[in-house]
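Inspection log for the structure reproduced underneath, given as structure tokens.
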Amino acid sequence: MRMGFGLASLVLLSVGMLRAEDVPPQVIFEMRIVRVSASMYERLLETVPLEAKKPVVFKDQDFRDLMETVQGDVATTIVAAPRMTTLSGQPGRVKIGNEYQAITGAKVSLKNGKLVSEPETSQIETGLEVRLTGTLRGDSIETDLAVISTRLGKSNPKPIEIRSGSERLKQTIDQPEVLSNTLERRMTLTADRTVILPGWWEKDEFEVAGQPALKNLFAVAAKESQRVLVCVTVRAVR
């Protein structure tokens with residue numbers, strides 16, 4: 001009995017070791033998507049060449065020091081901090097956001113001899129989508145990055161006309177503007193280093209006119225424009 005148990009354990013251990021060796025190395029992505037004020041961005045440009053063609057690379061401690069400075073500004077916002085682990089050469093994706101019901105039209109019905117309209121809605125997804133692929137090449141990691149941002153802007157009045165037979169009904173609906181921005185980069189990075197990529201400019205101006213509940217919840221007074229920074233730290237597990 002003891003010998004049989006020992007052989008079985010040895011076989012299982014050998015199979016486990018074989019499987020571990022067959023598993024390709026992994027790539028870990030740690031991200032911070034940060035919004036900074038225009039004034040803070042100008043301060044950063046004085047010491048960090050963020051707009052150079054070659055991405056700016058930081059060691060861990062240098063990046064922590066920089067983030068401490070950035071977060072010292074009350075206008076700074078950490079939009080998201082996703083973490084993703086993928087096999088080398090395999091794509092990964094993460095979505096962070098919300099879903100909203102927006103009025104996109106109206107449907108009409110005849111009640112008591114009169115035309116009555118009811119709003120038609122559609123679902124709008126807002127937030128961030130991050131796509132990453134990391135491939136180990138010796139001591140380097142070839143990285144394909146795409147960050148897609150979708151958010152709602154101001155509402156725009158849209159006049160519509162509905163007809164049913166000889167009856168005609170005119171009305172105006174408020175549709176929020178959908179704002180989209182994309183950052184795509186292909187880079188060769190070193191493990192345990194962080195790159196900071198300048199993204200797009202944003203301005204808080206969300207408003208939904210004619211819908212008091214939503215307007216009170218989301219309406220934001222226009223602020224100073226902010227720059228989105230995409231920070232990516234890569235690590236390898238071999």
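The values are calculated or read from the model by the stated rules, or taken from the named source; none is laboratory data. Computed from a prediction, not measured in an experiment: that's the story for all the values here. Note: ideal-geometry Cβ built from the backbone for every residue, glycine included; neighbour counts use all protein chains shown. When the accessible area is computed, the model is the full protein with side chains, heavy atoms only, and any ligands, DNA or RNA have been set aside. Shrake-Rupley method; radii C 1.70, N 1.55, O 1.52, S 1.80 Å.
Over 20 Å between Cα atoms, which of 59/95; 158/203; 107/170; 114/158 qualify?
59/95; 158/203; 114/158
Could you work out how far apart the two model spin labels at residue 83 and residue 190 are, taking each label as a point 7 Å from the Cα in the direction of the beta carbon, and quote it in nm?
For the pair residue 83/residue 190, the computed spacing is 2.4 nm.
Per residue, how much accessible area does the range 41-132 have with a 1.4 Å probe, in Å²?
That works out to 66 Å² for each residue.
Where a ≥ b ≥ c are the square roots of the eigenvalues of the C-alpha gyration tensor, would you call the range 78-161 rounded, which needs a/c under 1.5, or, failing that, prolate if a/b is larger than b/c, or oblate?
It is prolate, given that a/c is not under 1.5 and a/b is the larger ratio.
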